[in-house]
Each structure stands twice: as C-alpha cells, then as structure tokens.
Amino acid sequence: MQKDSLTASMMIYRQPLHAMLLYFARILAALKPEKRLDSRDFSSRSILMEQVKCLVRQNYSESLSLSDIAASVYTNPSYLSRVFKEETGIPPSLYINQIRIQNARKLLEDTEELIIDIAVACGYNYIPHFNRVFKEHTGMTPTAYLKSCRRRSGIFSDQDLES
C-alpha cells in the first residue's frame, strides 16, 4: 500500500522535475563561454522533444497552442517550433494533428461513438476542420473510413451502410 502511494507521488512530480532539469541544463548551456553544439546540447534538445511529444500524447484532446506547449516546457514558442522541426522533420502542428488523427482512427475502429463525438474527444471542436485534416492524413473522410472499418470487420453489409 505504501509502495503504491510512493509510486503515485513520484508520477505527480515527474514532469515538473523533467522541466526543471531541462531549465537548468539550458542555463548551464547559456553560461558556457563557447556556443558550439556538442553532445550535451543535442541531449537537452532530445529531452525537450520527448517532453513535447509526451505532452501532446497526453493532452491531444485539449486545445494545444504552440505558446501553451512552449510555456509548459519553459521555452520560447519560436525556438520550440524551430528545434521541433529540425529534430523531427515536421512542424509541431502537424505532429499534433498526426496524434489526434491516430487516436480518432482508433476510436472509429474500436467504438460505436458518433463521428462528431470522436472529433471532439480528439481535440477538434469544428467538425469541417476535423473532416479536412482526417482526409489529409488518411485519404478518406471519417465517414468513409468508418464504413471501410465496418465492412472489414463484417459488422454491416454494403446494403446496411447505404441506408
């Protein structure tokens, strides 16, 4: 029992501790007389990227602005955007959409929820935007994707889906 409460306490402080360590790593990097990139700089950048990715994966259903994410990891939004793109090859907004659509696809496949409810659960409050982003990532609309999933699983026949 005591071990479980200790583990829960550690989980609560994990993200703030990571953020503080990153903050101190940046301060030390700024105090260095030379501004060349070495393995420690790459390490702090990779820690930053992991923090951002974890934050997005945990909070994809909420409103996520670049400013909010940057504030959560104690950095500047333009710096975060630049470093994120350098490290991952894609801008943060595209990564957020990828995570949201990945979760939307899973919900469409595994639940009987309405598409509008799935869109809201994945952080999209404007359904036409959800439909457009979903189609960009999957090549089909959410409705077509849902029909395709149901056909593959044999839940409905083509005739049931048309009516």
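Read-outs throughout are calculated quantities, based only on the coordinates presented, and are distinct from any laboratory measurement. All figures in this text were calculated on a predicted structure; none of them were measured in a lab. Please note: Cβ atoms are built from the backbone with ideal geometry, for glycine as well, and neighbour counts cover all protein chains shown.
Taking amide H as placed 1.01 Å from N in the peptide plane, the amide H of residue 122 sits under 5 Å from none that are at least 5 places away or on another chain. Over the stretch 100-158, the reciprocal of the mean inverse Cα-Cα separation, the Kirkwood hydrodynamic radius, stands at 11.4 Å.
Structural descriptor for the stretch 57-106: relative contact order 33 percent, calculated from alpha carbon pairs under 8 angstrom and at least 6 residues apart. With each label modelled as a point 7 angstrom along the Cα→C-beta vector, the residue 151-residue 20 pair spans 5.6 nm. Between the alpha-carbon centers of the stretch 118-152 and the stretch 56-76, tell me the distance in whole angstrom. Comparing the Cα centres of the stretch 118-152 and the stretch 56-76, I get a distance of 23 Å. Treating r as the C-beta distance of residue 86 and residue 112 and R0 as 35 Å, the FRET efficiency rounds to 0.25.
With the simple model of a label 7 Å out from the Cα in the direction of the Cβ, residue 126 to residue 27 spans 4.1 nm.
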